[in-house]
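Asker: Sharing a structure with you now.
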Amino acid sequence: MVERDSGSQSGSSAGGDGEFGEHVPGPPWILGHRGTPNEAPENTLSGMRRAVAIGLDGFEYDLRACATGEEVLIHDVRVDRTTDGTGSLGALSLPELSELDAGAWFGKRFRGERLPVFHEVIEVPGGPERGWPMHMIELKERGLVAGIAARLAESAPQLSVRVASFLRDVVLDARDHDLPTMLLAVSATEEDRRFVRDERITAYGTGPSGWRTPGGGADWSFCERWAWAVDEPADLLEACRAPLFGFNTNEPYRALATRALAHLAPDDDGEFPVRAPMLIVEPEALSEADRRRGEWYGAWRKTAAVRNPFPFPVDVACSIFVRNGAFEVEGLPHACRLEPGAVVELPFQLTGGSRSPGDDPLLAVQFRWQAGPGRRRGRLLLDAPMHRVRCVSADPIARRVTLLAERQGDAPASMTIRRHGRHLVVGIENPGGIEHPHTIAHLAGETVRGGRGLRLTLPDDFDTCSEGVPFSLGIEGKLQGERVVRRFAGGIPEGAKQGVPGRLLPL
(Lines give C-alpha, C1' and ligand atoms only; values in the text may rest on other atoms or scores of the structure.)
Protein backbone atom coordinates (compact mmCIF):
# COMPACT_ATOMS: atom_id res chain seq x y z
CA MET A 1 0.00 0.00 0.00
CA VAL A 2 1.35 3.44 -0.92
CA GLU A 3 0.01 5.90 1.62
CA ARG A 4 -0.10 9.65 1.58
CA ASP A 5 3.39 11.11 2.04
CA SER A 6 3.24 13.62 4.88
CA GLY A 7 6.94 13.89 5.57
CA SER A 8 9.53 14.36 2.89
CA GLN A 9 8.91 16.54 -0.12
CA SER A 10 9.60 15.10 -3.54
CA GLY A 11 11.26 17.28 -6.10
CA SER A 12 13.69 18.98 -3.70
CA SER A 13 17.41 19.18 -4.30
CA ALA A 14 18.73 17.66 -1.12
CA GLY A 15 22.22 17.90 0.26
CA GLY A 16 24.31 17.80 3.38
CA ASP A 17 27.50 16.29 4.75
CA GLY A 18 29.48 18.12 2.09
CA GLU A 19 27.29 16.93 -0.78
CA PHE A 20 26.02 19.17 -3.55
CA GLY A 21 22.73 20.63 -2.48
CA GLU A 22 23.28 24.32 -1.89
CA HIS A 23 20.85 26.80 -3.34
CA VAL A 24 21.60 27.32 -7.04
CA PRO A 25 21.00 31.00 -7.80
CA GLY A 26 19.11 32.38 -10.76
CA PRO A 27 18.53 33.17 -13.42
CA PRO A 28 15.94 32.01 -13.82
CA TRP A 29 14.54 33.56 -10.64
CA ILE A 30 11.87 31.28 -9.21
CA LEU A 31 8.86 32.72 -7.39
CA GLY A 32 6.00 30.98 -5.61
CA HIS A 33 2.69 31.34 -7.48
CA ARG A 34 0.30 32.93 -4.97
CA GLY A 35 2.80 31.88 -2.31
CA THR A 36 2.93 28.10 -1.89
CA PRO A 37 -0.63 26.98 -2.69
CA ASN A 38 0.08 23.27 -2.18
CA GLU A 39 1.31 23.87 1.38
CA ALA A 40 -0.56 26.96 2.60
CA PRO A 41 -3.69 28.86 1.57
CA GLU A 42 -3.05 30.95 -1.52
CA ASN A 43 -2.39 34.69 -1.28
CA THR A 44 -1.75 34.62 2.48
CA LEU A 45 1.21 35.66 4.61
CA SER A 46 1.71 32.02 5.63
CA GLY A 47 2.09 31.09 1.97
CA MET A 48 4.58 33.88 1.28
CA ARG A 49 6.69 33.06 4.34
CA ARG A 50 6.70 29.41 3.34
CA ALA A 51 7.97 30.33 -0.13
CA VAL A 52 10.94 32.08 1.46
CA ALA A 53 11.56 29.18 3.86
CA ILE A 54 11.63 26.67 0.98
CA GLY A 55 14.37 28.67 -0.71
CA LEU A 56 12.45 30.41 -3.49
CA ASP A 57 13.69 33.78 -4.70
CA GLY A 58 10.37 35.44 -3.94
CA PHE A 59 6.66 35.14 -4.56
CA GLU A 60 3.80 36.26 -6.78
CA TYR A 61 0.42 37.49 -5.55
CA ASP A 62 -2.75 39.16 -6.81
CA LEU A 63 -4.15 42.52 -5.69
CA ARG A 64 -7.68 43.91 -5.77
CA ALA A 65 -9.27 46.87 -3.99
CA CYS A 66 -11.92 46.38 -1.30
CA ALA A 67 -14.83 48.79 -0.68
CA THR A 68 -12.72 51.07 1.53
CA GLY A 69 -9.90 51.26 -1.03
CA GLU A 70 -7.19 49.10 0.54
CA GLU A 71 -5.23 46.74 -1.72
CA VAL A 72 -6.06 43.17 -0.67
CA LEU A 73 -4.28 39.96 -1.70
CA ILE A 74 -6.89 37.83 -3.49
CA HIS A 75 -7.22 36.28 -6.94
CA ASP A 76 -10.98 36.04 -7.43
CA VAL A 77 -13.54 38.82 -7.71
CA ARG A 78 -15.50 37.10 -4.94
CA VAL A 79 -14.28 35.94 -1.54
CA ASP A 80 -16.27 32.67 -1.56
CA ARG A 81 -13.58 30.26 -2.78
CA THR A 82 -10.75 31.24 -0.42
CA THR A 83 -12.57 32.43 2.73
CA ASP A 84 -15.57 31.47 4.85
CA GLY A 85 -17.41 34.55 3.59
CA THR A 86 -19.47 35.35 0.55
CA GLY A 87 -19.82 38.25 -1.83
CA SER A 88 -17.71 40.52 -3.98
CA LEU A 89 -14.47 41.86 -2.53
CA GLY A 90 -15.30 45.30 -3.90
CA ALA A 91 -18.50 45.39 -1.83
CA LEU A 92 -16.79 44.55 1.48
CA SER A 93 -14.91 46.99 3.72
CA LEU A 94 -11.57 46.18 5.29
CA PRO A 95 -13.16 45.77 8.77
CA GLU A 96 -15.63 43.31 7.25
CA LEU A 97 -12.83 41.43 5.50
CA SER A 98 -10.84 41.21 8.73
CA GLU A 99 -13.62 39.05 10.17
CA LEU A 100 -13.25 36.43 7.44
CA ASP A 101 -11.19 33.27 7.82
CA ALA A 102 -8.92 32.76 4.79
CA GLY A 103 -7.18 29.65 6.08
CA ALA A 104 -9.60 27.12 7.56
CA TRP A 105 -10.80 25.95 4.11
CA PHE A 106 -7.25 24.80 3.41
CA GLY A 107 -6.47 23.09 6.71
CA LYS A 108 -7.13 23.23 10.44
CA ARG A 109 -3.70 24.60 11.29
CA PHE A 110 -4.39 27.68 9.16
CA ARG A 111 -7.63 28.51 10.96
CA GLY A 112 -7.73 32.24 11.68
CA GLU A 113 -5.53 33.26 8.74
CA ARG A 114 -6.69 36.62 7.39
CA LEU A 115 -6.71 38.16 3.94
CA PRO A 116 -3.55 40.29 3.97
CA VAL A 117 -3.24 43.81 2.63
CA PHE A 118 -0.38 45.14 0.54
CA HIS A 119 1.54 46.92 3.29
CA GLU A 120 1.73 43.62 5.23
CA VAL A 121 3.15 41.49 2.43
CA ILE A 122 5.95 43.92 1.58
CA GLU A 123 7.22 43.46 5.14
CA VAL A 124 7.81 39.69 4.72
CA PRO A 125 11.59 39.23 5.20
CA GLY A 126 13.90 37.09 3.11
CA GLY A 127 15.77 34.00 4.20
CA PRO A 128 19.16 33.97 5.90
CA GLU A 129 21.82 35.59 3.70
CA ARG A 130 19.29 35.79 0.86
CA GLY A 131 18.20 39.42 1.04
CA TRP A 132 14.66 40.64 0.50
CA PRO A 133 12.37 38.43 -1.59
CA MET A 134 11.43 39.44 -5.12
CA HIS A 135 7.76 40.42 -5.57
CA MET A 136 5.69 39.78 -8.70
CA ILE A 137 2.54 41.84 -8.11
CA GLU A 138 -0.34 41.04 -10.45
CA LEU A 139 -2.91 43.82 -10.59
CA LYS A 140 -6.30 42.31 -11.39
CA GLU A 141 -8.01 45.68 -11.91
CA ARG A 142 -7.43 49.35 -12.63
CA GLY A 143 -6.92 52.13 -10.10
CA LEU A 144 -4.27 50.49 -7.89
CA VAL A 145 -0.99 51.74 -9.31
CA ALA A 146 -0.68 55.14 -7.59
CA GLY A 147 -1.25 53.69 -4.12
CA ILE A 148 1.19 50.85 -4.69
CA ALA A 149 3.88 53.18 -6.03
CA ALA A 150 3.52 55.50 -3.03
CA ARG A 151 3.62 52.63 -0.53
CA LEU A 152 6.72 51.09 -2.12
CA ALA A 153 8.55 54.43 -2.21
CA GLU A 154 7.68 55.15 1.41
CA SER A 155 8.08 51.75 3.06
CA ALA A 156 9.98 49.34 0.82
CA PRO A 157 12.33 51.06 -1.64
CA GLN A 158 14.73 48.13 -1.26
CA LEU A 159 12.37 45.58 -2.83
CA SER A 160 12.84 44.16 -6.31
CA VAL A 161 9.34 44.17 -7.81
CA ARG A 162 7.63 43.48 -11.11
CA VAL A 163 4.17 45.03 -11.38
CA ALA A 164 2.31 42.75 -13.78
CA SER A 165 -1.07 42.82 -15.49
CA PHE A 166 -2.96 41.50 -18.49
CA LEU A 167 -4.37 45.04 -18.87
CA ARG A 168 -2.22 47.24 -21.09
CA ASP A 169 -3.38 50.53 -19.59
CA VAL A 170 -2.45 49.28 -16.11
CA VAL A 171 1.02 48.34 -17.37
CA LEU A 172 1.46 51.79 -18.91
CA ASP A 173 0.28 53.45 -15.69
CA ALA A 174 2.84 51.46 -13.69
CA ARG A 175 5.58 52.41 -16.15
CA ASP A 176 4.64 56.08 -15.82
CA HIS A 177 4.99 55.73 -12.03
CA ASP A 178 8.58 54.50 -12.58
CA LEU A 179 7.77 50.93 -11.52
CA PRO A 180 9.33 47.89 -13.24
CA THR A 181 6.42 46.52 -15.24
CA MET A 182 5.37 43.28 -16.90
CA LEU A 183 2.72 42.67 -19.54
CA LEU A 184 1.08 39.26 -19.10
CA ALA A 185 -0.37 37.05 -21.83
CA VAL A 186 -1.31 33.44 -22.43
CA SER A 187 1.03 33.16 -25.44
CA ALA A 188 3.67 35.40 -27.00
CA THR A 189 2.44 37.37 -30.01
CA GLU A 190 4.05 39.75 -32.49
CA GLU A 191 1.55 42.47 -31.52
CA ASP A 192 2.60 42.21 -27.87
CA ARG A 193 6.27 42.19 -28.88
CA ARG A 194 5.90 45.52 -30.66
CA PHE A 195 3.95 47.00 -27.75
CA VAL A 196 6.53 45.93 -25.14
CA ARG A 197 9.39 47.22 -27.30
CA ASP A 198 7.82 50.53 -28.32
CA GLU A 199 6.42 51.35 -24.86
CA ARG A 200 9.66 50.36 -23.07
CA ILE A 201 8.02 47.78 -20.81
CA THR A 202 10.43 46.01 -18.45
CA ALA A 203 9.20 42.44 -18.90
CA TYR A 204 6.79 40.13 -20.70
CA GLY A 205 5.31 36.99 -19.15
CA THR A 206 3.39 34.16 -20.81
CA GLY A 207 1.70 30.96 -19.72
CA PRO A 208 3.81 27.83 -19.16
CA SER A 209 4.22 26.97 -22.85
CA GLY A 210 3.47 30.44 -24.16
CA TRP A 211 6.92 31.09 -25.62
CA ARG A 212 6.49 28.19 -28.10
CA THR A 213 4.87 30.39 -30.75
CA PRO A 214 6.15 32.21 -33.85
CA GLY A 215 5.96 35.43 -31.84
CA GLY A 216 7.91 33.85 -29.00
CA GLY A 217 10.71 32.89 -31.36
CA ALA A 218 11.33 36.49 -32.43
CA ASP A 219 13.81 38.91 -30.85
CA TRP A 220 12.84 39.81 -27.26
CA SER A 221 16.29 40.97 -26.16
CA PHE A 222 14.92 44.40 -25.22
CA CYS A 223 13.01 43.02 -22.20
CA GLU A 224 13.01 40.32 -19.53
CA ARG A 225 11.25 37.09 -20.51
CA TRP A 226 9.06 35.52 -17.80
CA ALA A 227 6.40 32.83 -17.49
CA TRP A 228 3.65 32.14 -14.98
CA ALA A 229 2.37 28.90 -13.39
CA VAL A 230 5.22 26.77 -14.75
CA ASP A 231 4.69 23.36 -13.12
CA GLU A 232 5.22 20.54 -15.62
CA PRO A 233 8.70 18.96 -15.79
CA ALA A 234 9.23 19.65 -19.51
CA ASP A 235 8.18 23.29 -19.13
CA LEU A 236 10.41 23.76 -16.10
CA LEU A 237 13.42 22.28 -17.87
CA GLU A 238 12.85 24.52 -20.90
CA ALA A 239 12.55 27.60 -18.66
CA CYS A 240 15.76 26.75 -16.81
CA ARG A 241 17.78 25.91 -19.90
CA ALA A 242 16.85 29.00 -21.94
CA PRO A 243 17.00 30.47 -19.39
CA LEU A 244 14.04 32.74 -18.85
CA PHE A 245 14.71 35.69 -16.57
CA GLY A 246 12.18 34.25 -14.14
CA PHE A 247 8.91 32.40 -13.61
CA ASN A 248 6.44 31.53 -10.89
CA THR A 249 5.33 28.02 -9.99
CA ASN A 250 2.97 25.93 -7.89
CA GLU A 251 5.66 23.21 -7.63
CA PRO A 252 8.58 24.90 -5.83
CA TYR A 253 10.59 21.77 -4.99
CA ARG A 254 10.41 20.47 -8.55
CA ALA A 255 11.33 23.92 -9.89
CA LEU A 256 14.35 24.34 -7.61
CA ALA A 257 15.55 20.82 -8.41
CA THR A 258 15.19 21.45 -12.14
CA ARG A 259 17.23 24.64 -11.86
CA ALA A 260 19.91 22.62 -10.06
CA LEU A 261 19.74 19.99 -12.82
CA ALA A 262 20.32 22.62 -15.52
CA HIS A 263 23.33 23.86 -13.53
CA LEU A 264 24.76 20.37 -12.93
CA ALA A 265 24.28 19.08 -16.49
CA PRO A 266 24.69 22.17 -18.70
CA ASP A 267 25.56 20.16 -21.81
CA ASP A 268 22.58 17.82 -21.61
CA ASP A 269 19.89 18.55 -24.21
CA GLY A 270 17.67 15.53 -23.63
CA GLU A 271 14.14 15.39 -22.27
CA PHE A 272 13.38 15.65 -18.57
CA PRO A 273 15.17 12.65 -16.98
CA VAL A 274 12.03 11.25 -15.33
CA ARG A 275 9.24 10.19 -17.71
CA ALA A 276 5.95 9.35 -16.03
CA PRO A 277 2.91 8.02 -17.91
CA MET A 278 -0.52 9.61 -18.12
CA LEU A 279 -3.32 7.70 -16.39
CA ILE A 280 -6.64 7.71 -18.26
CA VAL A 281 -9.66 7.81 -15.95
CA GLU A 282 -13.04 6.45 -17.10
CA PRO A 283 -15.59 6.87 -14.27
CA GLU A 284 -18.44 5.57 -16.44
CA ALA A 285 -16.59 2.24 -16.87
CA LEU A 286 -16.11 1.59 -13.14
CA SER A 287 -17.96 -1.15 -11.33
CA GLU A 288 -20.37 -0.11 -8.60
CA ALA A 289 -17.91 -1.36 -5.96
CA ASP A 290 -15.07 0.72 -7.40
CA ARG A 291 -17.27 3.78 -7.87
CA ARG A 292 -18.13 3.76 -4.18
CA ARG A 293 -14.41 4.29 -3.47
CA GLY A 294 -14.45 7.42 -5.61
CA GLU A 295 -14.94 8.19 -9.28
CA TRP A 296 -11.35 9.41 -9.75
CA TYR A 297 -10.19 5.81 -9.52
CA GLY A 298 -8.65 3.20 -11.79
CA ALA A 299 -6.25 0.31 -12.40
CA TRP A 300 -3.35 0.85 -14.79
CA ARG A 301 -0.45 -1.21 -16.18
CA LYS A 302 2.15 1.34 -17.27
CA THR A 303 5.83 1.85 -17.98
CA ALA A 304 7.88 4.79 -16.74
CA ALA A 305 11.46 5.61 -17.69
CA VAL A 306 14.50 7.22 -16.07
CA ARG A 307 17.50 8.63 -17.96
CA ASN A 308 20.91 9.58 -16.61
CA PRO A 309 21.46 13.20 -17.78
CA PHE A 310 24.90 13.48 -16.20
CA PRO A 311 28.31 12.83 -17.80
CA PHE A 312 29.18 10.39 -15.01
CA PRO A 313 27.58 7.22 -13.55
CA VAL A 314 24.76 7.60 -11.03
CA ASP A 315 22.85 5.36 -8.65
CA VAL A 316 19.10 5.86 -8.92
CA ALA A 317 16.30 4.95 -6.53
CA CYS A 318 12.75 5.17 -7.90
CA SER A 319 9.47 5.17 -5.99
CA ILE A 320 5.90 6.44 -6.11
CA PHE A 321 4.75 9.16 -3.72
CA VAL A 322 1.11 9.96 -3.06
CA ARG A 323 -0.14 13.33 -1.80
CA ASN A 324 -3.82 12.41 -1.73
CA GLY A 325 -5.81 9.18 -1.95
CA ALA A 326 -4.57 5.60 -1.53
CA PHE A 327 -2.98 3.33 -4.11
CA GLU A 328 -1.63 -0.21 -4.40
CA VAL A 329 1.55 -0.48 -6.47
CA GLU A 330 3.48 -3.44 -7.89
CA GLY A 331 6.90 -3.20 -9.56
CA LEU A 332 8.27 -0.28 -7.55
CA PRO A 333 10.42 0.80 -5.67
CA HIS A 334 13.39 0.07 -7.92
CA ALA A 335 17.11 0.82 -7.62
CA CYS A 336 19.90 0.49 -10.17
CA ARG A 337 23.07 2.07 -11.52
CA LEU A 338 23.02 4.04 -14.78
CA GLU A 339 25.94 4.95 -17.00
CA PRO A 340 25.95 8.39 -18.70
CA GLY A 341 23.02 8.68 -21.10
CA ALA A 342 21.59 5.27 -20.15
CA VAL A 343 17.83 4.75 -19.80
CA VAL A 344 15.99 2.25 -17.63
CA GLU A 345 12.33 1.36 -18.21
CA LEU A 346 10.15 0.67 -15.17
CA PRO A 347 7.00 -1.41 -15.74
CA PHE A 348 4.54 -1.21 -12.85
CA GLN A 349 0.91 -1.66 -11.92
CA LEU A 350 -1.03 0.99 -10.02
CA THR A 351 -4.53 0.62 -8.57
CA GLY A 352 -6.45 3.17 -6.54
CA GLY A 353 -7.58 6.75 -6.54
CA SER A 354 -9.69 9.32 -4.75
CA ARG A 355 -13.09 10.98 -4.91
CA SER A 356 -11.81 14.13 -6.61
CA PRO A 357 -9.16 15.25 -9.10
CA GLY A 358 -6.01 16.77 -7.67
CA ASP A 359 -2.68 15.79 -6.13
CA ASP A 360 -1.88 13.03 -8.59
CA PRO A 361 0.72 10.34 -7.75
CA LEU A 362 4.36 11.27 -8.37
CA LEU A 363 7.21 9.18 -9.72
CA ALA A 364 10.17 10.34 -7.63
CA VAL A 365 13.77 9.48 -8.51
CA GLN A 366 16.84 10.20 -6.43
CA PHE A 367 20.12 10.44 -8.33
CA ARG A 368 23.32 9.88 -6.33
CA TRP A 369 26.92 10.15 -7.51
CA GLN A 370 30.39 9.89 -6.06
CA ALA A 371 33.11 12.51 -6.05
CA GLY A 372 35.21 12.64 -9.19
CA PRO A 373 37.36 14.99 -11.27
CA GLY A 374 35.96 18.49 -10.81
CA ARG A 375 32.93 17.41 -8.78
CA ARG A 376 31.89 16.59 -5.25
CA ARG A 377 29.68 13.69 -4.36
CA GLY A 378 26.05 14.66 -4.51
CA ARG A 379 22.42 13.81 -4.92
CA LEU A 380 19.38 15.30 -6.60
CA LEU A 381 15.73 14.37 -6.20
CA LEU A 382 13.51 14.85 -9.26
CA ASP A 383 9.87 13.97 -9.72
CA ALA A 384 7.23 13.83 -12.44
CA PRO A 385 3.46 13.63 -11.93
CA MET A 386 1.33 10.78 -13.22
CA HIS A 387 -1.67 12.87 -14.13
CA ARG A 388 -5.08 11.23 -14.02
CA VAL A 389 -6.88 12.51 -17.11
CA ARG A 390 -10.39 12.10 -18.51
CA CYS A 391 -10.89 12.41 -22.29
CA VAL A 392 -13.77 13.32 -24.60
CA SER A 393 -13.93 13.80 -28.38
CA ALA A 394 -15.15 16.91 -30.19
CA ASP A 395 -18.00 15.35 -32.16
CA PRO A 396 -20.27 17.24 -34.62
CA ILE A 397 -23.09 15.16 -33.11
CA ALA A 398 -24.10 16.30 -29.62
CA ARG A 399 -22.40 14.20 -26.96
CA ARG A 400 -23.50 13.81 -23.34
CA VAL A 401 -20.81 14.41 -20.71
CA THR A 402 -21.51 13.12 -17.20
CA LEU A 403 -20.16 15.13 -14.27
CA LEU A 404 -18.29 13.64 -11.34
CA ALA A 405 -20.03 12.78 -8.08
CA GLU A 406 -17.37 14.06 -5.66
CA ARG A 407 -19.55 14.26 -2.55
CA GLN A 408 -21.71 11.67 -0.86
CA GLY A 409 -25.22 11.92 -2.22
CA ASP A 410 -24.42 13.95 -5.35
CA ALA A 411 -27.29 13.56 -7.82
CA PRO A 412 -26.57 12.67 -11.45
CA ALA A 413 -25.58 15.74 -13.47
CA SER A 414 -24.64 16.14 -17.12
CA MET A 415 -23.78 18.57 -19.89
CA THR A 416 -23.60 18.35 -23.67
CA ILE A 417 -20.83 19.26 -26.09
CA ARG A 418 -21.00 19.59 -29.87
CA ARG A 419 -18.43 20.72 -32.39
CA HIS A 420 -19.58 23.32 -34.90
CA GLY A 421 -16.73 24.16 -37.28
CA ARG A 422 -14.04 26.05 -35.36
CA HIS A 423 -16.19 26.19 -32.25
CA LEU A 424 -17.27 23.90 -29.43
CA VAL A 425 -20.78 24.48 -28.08
CA VAL A 426 -21.32 23.37 -24.48
CA GLY A 427 -24.54 23.46 -22.49
CA ILE A 428 -26.21 22.28 -19.31
CA GLU A 429 -28.41 19.20 -19.72
CA ASN A 430 -29.09 18.14 -16.11
CA PRO A 431 -27.86 20.49 -13.34
CA GLY A 432 -28.15 17.80 -10.67
CA GLY A 433 -30.35 19.94 -8.43
CA ILE A 434 -28.08 23.00 -8.54
CA GLU A 435 -29.99 26.28 -8.30
CA HIS A 436 -29.22 29.16 -10.66
CA PRO A 437 -26.75 27.01 -12.62
CA HIS A 438 -24.23 28.50 -15.02
CA THR A 439 -21.45 26.98 -17.07
CA ILE A 440 -17.71 27.09 -16.49
CA ALA A 441 -15.21 25.73 -19.00
CA HIS A 442 -11.46 25.49 -19.45
CA LEU A 443 -10.02 25.14 -22.93
CA ALA A 444 -6.34 25.32 -23.92
CA GLY A 445 -5.26 27.41 -20.94
CA GLU A 446 -8.22 29.77 -20.58
CA THR A 447 -11.17 29.54 -18.17
CA VAL A 448 -14.46 31.17 -19.14
CA ARG A 449 -17.94 31.40 -17.63
CA GLY A 450 -21.38 31.80 -19.17
CA GLY A 451 -25.09 31.21 -18.61
CA ARG A 452 -26.61 27.85 -19.44
CA GLY A 453 -24.22 27.49 -22.35
CA LEU A 454 -20.97 28.65 -23.92
CA ARG A 455 -19.48 28.84 -27.39
CA LEU A 456 -15.74 28.16 -27.23
CA THR A 457 -13.23 28.76 -30.03
CA LEU A 458 -10.98 25.78 -30.75
CA PRO A 459 -7.22 26.36 -31.16
CA ASP A 460 -6.09 26.84 -34.77
CA ASP A 461 -4.03 23.64 -34.67
CA PHE A 462 -6.67 21.56 -32.85
CA ASP A 463 -7.12 18.97 -35.63
CA THR A 464 -3.39 18.20 -35.68
CA CYS A 465 -3.16 17.68 -31.89
CA SER A 466 -3.31 13.89 -31.70
CA GLU A 467 -3.16 13.99 -27.88
CA GLY A 468 -5.85 16.66 -27.72
CA VAL A 469 -5.85 19.95 -25.82
CA PRO A 470 -6.50 20.67 -22.12
CA PHE A 471 -10.25 20.79 -21.50
CA SER A 472 -12.74 20.70 -18.68
CA LEU A 473 -16.25 21.94 -18.10
CA GLY A 474 -18.75 22.07 -15.29
CA ILE A 475 -21.69 23.71 -13.57
CA GLU A 476 -21.49 26.34 -10.84
CA GLY A 477 -24.37 27.45 -8.64
CA LYS A 478 -25.94 26.85 -5.24
CA LEU A 479 -27.15 23.69 -3.55
CA GLN A 480 -29.05 24.09 -0.29
CA GLY A 481 -27.64 27.61 0.03
CA GLU A 482 -24.00 26.54 -0.46
CA ARG A 483 -21.95 27.50 -3.53
CA VAL A 484 -20.93 24.32 -5.38
CA VAL A 485 -19.32 23.20 -8.61
CA ARG A 486 -19.88 19.94 -10.50
CA ARG A 487 -17.22 19.13 -13.07
CA PHE A 488 -16.15 16.74 -15.81
CA ALA A 489 -12.48 16.70 -14.75
CA GLY A 490 -9.88 18.78 -12.92
CA GLY A 491 -8.62 22.22 -13.89
CA ILE A 492 -11.70 24.09 -12.64
CA PRO A 493 -12.37 26.17 -10.68
CA GLU A 494 -9.12 28.15 -10.55
CA GLY A 495 -6.63 27.37 -7.80
CA ALA A 496 -4.24 24.71 -6.60
CA LYS A 497 -5.25 21.15 -5.69
CA GLN A 498 -7.97 21.10 -8.38
CA GLY A 499 -6.20 18.56 -10.58
CA VAL A 500 -5.30 18.95 -14.22
CA PRO A 501 -7.85 19.47 -17.00
CA GLY A 502 -9.02 16.56 -19.11
CA ARG A 503 -8.30 16.31 -22.82
CA LEU A 504 -10.50 17.30 -25.75
CA LEU A 505 -9.61 15.06 -28.69
CA PRO A 506 -10.17 15.63 -32.41
CA LEU A 507 -12.11 12.87 -34.17
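The values are calculated or read from the model by the stated rules, or taken from the named source; none is laboratory data. Remember, it's a predicted structure, so these values are computed and weren't measured experimentally. Neighbour counts run over all protein chains shown; Cβ positions are idealised from the backbone, glycine included.
Asker: Given the criterion modelled with pLDDT of 95 or more and exposed (fewer than 14 other Cβ atoms within 10 Å of the Cβ), identify the matching residue among Arg418, Arg400, Arg407. Working first, answer last.
Answerer: Values: Arg418 fails: exposed (fewer than 14 other Cβ atoms within 10 Å of the Cβ); Arg407 fails: modelled with pLDDT of 95 or more.
After applying the criteria, what remains is Arg400.
Asker: When you scan the stretch 157-171, do you find a residue that is assigned by the TED database to the domain that holds Phe245, hydroxyl-bearing (Ser, Thr, Tyr) and in contact with a strand residue (DSSP E or B) (Cβ under 9 Å, 6 or more places away or on another chain), even just one? Outline the logic, then answer.
Answerer: Taking the stretch 157-171 first, the residues assigned by the TED database to the domain that holds Phe245 are 157-171.
Checking the rest, the ones that are also hydroxyl-bearing (Ser, Thr, Tyr) come to 160, 165.
Then keep just the ones that are in contact with a strand residue (DSSP E or B) (Cβ under 9 Å, 6 or more places away or on another chain); that gives 160, 165.
Yes, some residue in the stretch 157-171 is assigned by the TED database to the domain that holds Phe245, hydroxyl-bearing (Ser, Thr, Tyr) and in contact with a strand residue (DSSP E or B) (Cβ under 9 Å, 6 or more places away or on another chain).
Asker: Would you please list the contacts, defined by Cβ atoms under 6 Å and residues six or more apart or on different chains, that run from a residue in the stretch 475-490 that is farther than 12 Å from Ile434 by Cβ to a residue that is among the polar types (S, T, N, Q)?
Answerer: Matching pairs, first to second residue: Phe488/Ser472; Ala489/Ser472; Gly490/Gln498.
Asker: Restricting attention to the stretch 130-141, report how many residues are in a loop (DSSP other than H, G, I, E, B) and among the β-branched types (Val, Ile, Thr).
Answerer: Looking only at the stretch 130-141, we keep the residues that are in a loop (DSSP other than H, G, I, E, B), and these are 130-133, 140-141.
From the residues that got through so far, the ones that are among the β-branched types (Val, Ile, Thr) too are none.
Residues that pass the stated criteria total 0.
Asker: Turning to a different aspect of this structure: In this structure, does Gly55 turn out to be modelled with pLDDT under 95, of a type outside the set (S, T, N, Q) and out of contact with any Asp or Glu (no Cβ under 8 Å at 6 or more places or on another chain)? Before you say what the answer is, go through the steps one by one.
Answerer: Numbers: modelled with pLDDT under 95: yes; of a type outside the set (S, T, N, Q): yes; out of contact with any Asp or Glu (no Cβ under 8 Å at 6 or more places or on another chain): yes.
Spelling it out, Gly55 is indeed modelled with pLDDT under 95, of a type outside the set (S, T, N, Q) and out of contact with any Asp or Glu (no Cβ under 8 Å at 6 or more places or on another chain).
Asker: Please count how many residues of the stretch 333-358 are free of Cβ contacts under 8 Å to residues at least 40 places away in the same chain, outside any strand (DSSP E or B) and buried (at least 16 other Cβ atoms within 10 Å of the Cβ).
Answerer: 0
Asker: Something else about it: When the residues of the stretch 55-106 are filtered to those that are under 24 Å from Leu184 (Cα atoms) and part of a helix (DSSP H, G or I), which remaining residue is nearest to the chain's Cα centre (by Cα)?
Answerer: Leu89
Asker: Given the criterion assigned to a strand (DSSP E or B), more than 21 Å from Gly378 (Cβ to Cβ) and in the same structural domain as Leu363 (by the TED database), identify the matching residue among Val306, Val329, Val316.
Answerer: When all the criteria are applied, what remains is Val329.
Asker: Can you find even one residue in the stretch 107-129 that is of a type in the set (Phe, Trp, Tyr), in contact (Cβ under 8 Å) with a residue 40 or more places away in the chain and either in a loop (DSSP other than H, G, I, E, B) or in the same structural domain as Tyr204 (by the TED database) (or both)? Give the steps one after another, and end with the answer.
Answerer: Keep residues of the stretch 107-129 that are of a type in the set (Phe, Trp, Tyr), which gives 110, 118.
Then keep just the ones that are in contact (Cβ under 8 Å) with a residue 40 or more places away in the chain; that gives 110, 118.
After this cut, where a residue has to be either in a loop (DSSP other than H, G, I, E, B) or in the same structural domain as Tyr204 (by the TED database) (or both) as well, the list is 110, 118.
So far as the stretch 107-129 goes, yes, one or more of its residues are of a type in the set (Phe, Trp, Tyr), in contact (Cβ under 8 Å) with a residue 40 or more places away in the chain and either in a loop (DSSP other than H, G, I, E, B) or in the same structural domain as Tyr204 (by the TED database) (or both).
Asker: Just to verify a result, which residue in the stretch 303-331, among those that are out of contact with any Leu (no Cβ under 6 Å at 6 or more places or on another chain) and of a type in the set (Phe, Trp, Tyr), is nearest to Asp268 (Cα to Cα)?
Answerer: In this case the residue turns out to be Phe310.
Asker: Now a separate question. Can you confirm whether Ala255 is surrounded by 21 or more Cβ atoms within 10 Å (Cβ to Cβ), among the small types (Gly, Ala, Ser), touching a residue at least 12 places away in the same chain (Cβ under 8 Å) and touching a Gly at 6+ places or on another chain (Cβ under 7 Å)?
Answerer: Numbers: surrounded by 21 or more Cβ atoms within 10 Å (Cβ to Cβ): yes; among the small types (Gly, Ala, Ser): yes; touching a residue at least 12 places away in the same chain (Cβ under 8 Å): yes; touching a Gly at 6+ places or on another chain (Cβ under 7 Å): no.
The answer is no for Ala255.
Asker: Being at pLDDT 95 or above and on the phi < 0 side of the Ramachandran plot is the requirement here; does Gly450 meet it?
Answerer: no
Asker: When the residues of the stretch 453-504 are narrowed to those that are at pLDDT below 95 and of a type in the set (Lys, Arg), which ends up surrounded by the most Cβ atoms within 10 Å (Cβ to Cβ)?
Answerer: The extreme case among them is Lys497.
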